[in-house]
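Below is one structure, written out as structure tokens; the observations come after it.
All of the numbers you see were taken from the coordinates with simple rules; none came from a lab. What you see is a predicted model, and the numbers here were worked out from it, not measured in a lab. Note: ideal-geometry Cβ built from the backbone for every residue, glycine included; neighbour counts use all protein chains shown.
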2 protein chains.
Amino acid sequence: MTLKLDRIFYPRPRRLQAVVAASSLALLAAQPPATAAADELRGTGDLGVVIERASGRVAVVDTSAREVLERIEGLGDLSHASVKFARDGRFAFIFGRDGGLSRVDLLSGEITHRIIQSGNSIGGAISQDGSLVAVANYEPGGVRVFDSQTLEPVAEFPALYEDKNGEEQRSRVVGLVDAPGNRFVYSLFDAGEIRVADMNREPGAAPPENGKAAFDVTRFTDIGKKPYDALIGPDGRYYIAGLFGEDGLAMLDLWHPEDGVKRILPDYGRGEARLPVYKMPHLEGWTMAGRQAFFPAVGRHEVLVADTADWSLADRIAVHGQPIFVMSRPDKRQLWVNFAHPDNDVVQVIDTEKREVVATLSPGEAVLHMEFSPKGEQVWVSARDSNRVTVYDTRTLEEIARLESESPSGIFFTHRAHRIGL
Amino acid sequence: MTLKLDRIFYPRPRRLQAVVAASSLALLAAQPPATAAADELRGTGDLGVVIERASGRVAVVDTSAREVLERIEGLGDLSHASVKFARDGRFAFIFGRDGGLSRVDLLSGEITHRIIQSGNSIGGAISQDGSLVAVANYEPGGVRVFDSQTLEPVAEFPALYEDKNGEEQRSRVVGLVDAPGNRFVYSLFDAGEIRVADMNREPGAAPPENGKAAFDVTRFTDIGKKPYDALIGPDGRYYIAGLFGEDGLAMLDLWHPEDGVKRILPDYGRGEARLPVYKMPHLEGWTMAGRQAFFPAVGRHEVLVADTADWSLADRIAVHGQPIFVMSRPDKRQLWVNFAHPDNDVVQVIDTEKREVVATLSPGEAVLHMEFSPKGEQVWVSARDSNRVTVYDTRTLEEIARLESESPSGIFFTHRAHRIGL
């Protein structure tokens with residue numbers, strides 16, 4: 001494992017309003033023209049970003065007008081990319097698979113800063129106070145933390161552990177989230193650990209020097225084999241990691257770290273799969289609604305319901321395929337579910353009270369992600385192989401808009417800036 | 001009761017960057033200069049508004065820099081004023097006690113539209129889809145609904161009912177909130193009713209003519225005497241009205257309107273007061289945290305805890321005075337409580353798990369309101385008679401900023417645009 005910690009700054013922010021790859025000109029010709037006049041005042045509360053993974057760019061979208069405002073190119077490898085937003089809603093941080101971390105200005109369409117901060121990364125988080133951006137890295141394994149204004153390094157947590165031969169290794173890091181109290185929580189895939197980094201510093205403490213500031217990190221060891229993803233609940237209290245190497249889930253109550261990590265839902269995982277697992281489900285989309293938590297079964301055509309009072313399995317809801325994202329409409333009345341190949345041309349809507357599927361929709365080929373508007377009246381669905389994003393009215397389940405987009409994957413709206421763990 | 005439905009438009013939006021009433025020049029001299037260059041791009045996610053009630057103006061604040069950006073004057077009688085935000089976070093709707101409804105641009109500092117839509121009003125709401133603004137009126141009693149872009153009238157619901165003599169009257173309207181499904185819910189103080197207006201219209205329906213469009217309104221009668229305020233939970237499911245004329249609370253489950261309105265917490269109200277009631281507590285600040293709901297006792301030095309499974313009283317927490325607002329930090333770990341006269345120079349912090357007071361703070365004289373930053377790391381507290389807003393770090397409970405402000409009352413941050421019922 002080589003350390004590739006080169007930092008590449010692009011000193012000249014680039015305006016990228018209408019730069020379109022030649023190969024996609026035909027596709028994009030049918031689009032409405034970009035309407036963002038970059039010097040015009042506008043609010044950022046109804047903006048969002050769609051990852052166009054094949055082209056290394058993002059589309060900046062307006063959820064009021066339901067249209068693409070502009071495209072920002074030059075973001076590197078955006079397979080499995082994710083996005084966080086600054087607390088002002090203006091700047092987005094794009095985490096690329098290639099270790100790229102880009103800070104883009106949604107108003108001007110510029111990349112204000114871009115660094116390659118590792119060789120392989122898997123998502124990031126922004127601190128509660130908005131001052132810090134953290135990235136979970138596979139290679140070299142660890143977490144790197146940057147100033148959210150400048151992308152200057154603030155801290156590095158190398159995720160060191162001793163392997164079974166007593167040798168020091170760096171673990172790949174997954175499931176990085178922000179938690180209340182300006183903390184970051186993450187899991188070590190190779191070490192089977194959860195760690196909590198406290199980013200608070202004493203008033204008057206010396207400024208960090210190139211990532212050498214000291215921060216407290218709490219280790220929770222032996223939490224289970226190969227945590228591969230994690231979520232934190234909307235209150236920022238429960239951090240739950242999925243395990244690739246064994247069944248069950250690892251849960252840390254951040255109000256009571258002294259109680260350690262507990263195993264919940266002991267049957268959950270690949271062990272219960274009756275079918276080959278095409279894709280491990282995403283945990284981010286998990287939904288807690290009152291005392292119920294809804295989540296995708298692994299390898300089974302089911303959405304599972306847990307009782308959060310004791311985290312026991314309360315119900316199984318039959319669905320169309322192997323679920324990937326199980327996402328709740330903000331009022332918790334509906335769940336929208338997408339599926340793994342070969343059932344990935346369908347989205348199903350579940351009534352959380354009846355606990356049954358009430359609609360089956362066909363938004364296109366290879367449905368990868370869904371994002372609700374903040375109050376839930378609309379949902380945007382990306383269909384990668386149909387090169388489109390479809391917007392539905394969640395009350396009528398009617399299509400209300402369709403946006404052309406080249407291989408769209410993740411969709412992220414700016415209200416995430418104001419939610420714990422998003 | 002006279003109908004005063006004059007609409008007054010101010011056709012020339014006014015730039016009001018540095019207009020300061022002569023009487024307040026001395027006070028404001030010590031302020032940092034306004035830093036908002038009105039033509040500069042900026043995000044709106046970290047903006048907010050502080051009502052300066054004595055001066056008929058609002059201060060636009062930046063929660064990242066923790067400073068006042070500018071002041072907007074000419075907003076009329078702002079006693080008991082409240083604020084809602086457009087879904088883009090750029091425009092704020094200011095509801096004045098005098099029936100004034102103003103739409104202000106937080107970026108330019110302009111009042112874009114202003115109307116006097118009734119003789120006496122008590123708050124408003126913005127629809128789930130952001131297209132409509134509704135105002136609850138005392139005089140003439142009813143709800144008026146406006147286009148959120150233009151403030152042109154869209155609908156009027158006069159709140160008509162038959163009094164005990166069989167005569168038709170217009171009731172004063174209170175507790176107006178938005179609910180999922182593009183509905184408005186409100187209570188009729190004089191009629192003892194809750195009503196639900198469904199603002200959805202058939203596709204292709206004719207545009208409304210001067211408020212004459214037809215919308216469905218559902219009536220719930222005999223809900224209890226004199227509902228005086230109401231709240232809707234964060235999921236938009238439960239609408240709960242406080243009753244001034246009898247004990248208990250009236251609850252409507254919007255998922256099951258067919259079940260009608262039920263009485264919950266039958267002992268809650270003035271009947272249990274052991275002390276003279278200096279001020280009826282506000283319901284907006286009520287807090288639901290998991291299975292617990294926390295709310296201010298009426299006339300007693302207590303915060304009450306209800307079990308939301310059956311809405312029974314679970315606990316009473318002794319506090320410093322008669323509570324007015326009981327507001328939850330977004331992670332639900334803390335409650336911040338302010339009090340009625342003569343204890344209104346104190347704020348107390350309650351640990352929701354221990355159910356006890358863990359801190360008592362003195363932010364100044366006549367503490368009227370509190371607002372948390374969206375992720376809860378800071379809370380802003382207005383002290384009217386000390387002419388200041390104090391910002392606390394909610395982790396350390398230390399004061400981290402102090403802003404001079406003339407008679408500040410309500411504080412409202414733009415992330416409310418993206419929360420149901422706020």
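Tabulated data
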read-out	value
Spatial separation of Cα centroids for the range A:396-422 and the range B:374-403, in angstrom	34 Å
Inter-copy spacing of B:Asp77 label points, which lie 7 Å from Cα along Cα→Cβ, given in nm from shortest upward	6.6
Computed lengthening from B:Ile400 to B:Glu356, 0.36 nm per intervening residue step minus Cα-Cα distance	13.4 nm
Cα convex hull volume per residue for the protein assembly as shown (Å³)	163 Å³
Whether the range A:52-136 is rounded, prolate or oblate, judged on the alpha carbon gyration tensor where a/c under 1.5 counts as rounded	oblate
Per the axis that maps chain B onto chain A, nearest residue of B (Cβ criterion) and its distance in Å	B:Thr44, 3
Among B:Ala314, B:Ile324, B:Phe295 the positive-end extreme of the charge dipole of the range B:288-335 (Cβ point charges)	B:Ile324
Cβ charges +1 (Lys, Arg) and -1 (Asp, Glu), total dipole of chain A, debye	320 debye
Three-way shape label, chain B, alpha-carbon gyration tensor, a/c 1.5	oblate
Residue with peak Gaussian network fluctuation, chain A [Cα springs, cutoff 10 Å], from A:Ala289, A:Ala241, A:Ala155	A:Ala289
3J(HN,Hα) from dihedral phi, the range A:383-388, Karplus parametrisation 6.51/-1.76/1.60, rounded to Hz, x for glycine, proline	10, 4, 7, 9, 6, 7
Alpha carbon centroid spacing (whole Å) that separates the range A:301-322 from the range A:68-121	35 Å
At 7 Å out from Cα toward Cβ: B:Asp393 inter-copy label distances (nm, ascending)	4.9
Cut-off under 5 Å, modelled amide H: who pairs with B:Glu70 long-range	B:Val60
Point-to-point label distance, A:Arg316-A:Thr112, nm (Cα→Cβ direction, 7 Å offset)	5.0 nm
Shortest-first distances to equivalent copies, position A:Lys225, nm, label 7 Å out along Cβ	7.0
Global geometry of the range B:245-331, whether rounded, prolate or oblate, following the gyration tensor of its Cα atoms and the 1.5 cut on a/c	oblate
Dipole magnitude (debye, nearest 20) for the protein assembly as shown, charges at Cβ of Lys, Arg, Asp, Glu	600 debye
Positive-end residue of A:Ile420, A:Thr352, A:Gly76, charge dipole of the protein assembly as shown with Cβ unit charges	A:Gly76
Under 14 Å, Cβ to Cβ, from A:Gln378 - net charge with Lys/Arg +1 and Asp/Glu -1	-4
Value in Å of the Kirkwood radius, where the range A:373-422 supplies the Cα pairs that are averaged	11.8 Å
Separation in nanometres of the label points that stand 7 Å from Cα toward Cβ, at A:Gln149 and A:His341	4.6 nm
Sorted by Cβ neighbour density within 10 Å, fewest at the top, the residues A:Tyr186, A:Tyr228, B:Tyr278	B:Tyr278, A:Tyr228, A:Tyr186
Rounded to the nearest 20 debye, dipole of the range B:290-345 from Cβ charges on Lys, Arg, Asp, Glu	140 debye
Spatially near lysine pairs across chain B, Cα under 14 Å, sequence gap of 8 or more or different chains	4
For B:Gly130, net neighbour charge (Lys/Arg +1, Asp/Glu -1) across residues whose Cβ lies under 9 Å away	-2
Net +/- balance of residues flanking A:Val143 in space, Cβ distance below 10 Å, scoring K and R +1, D and E -1	+1
Within a Gaussian network of chain A (alpha carbon springs, distance under 10 Å), most fluctuating of A:Glu40, A:Glu110, A:Glu156	A:Glu40
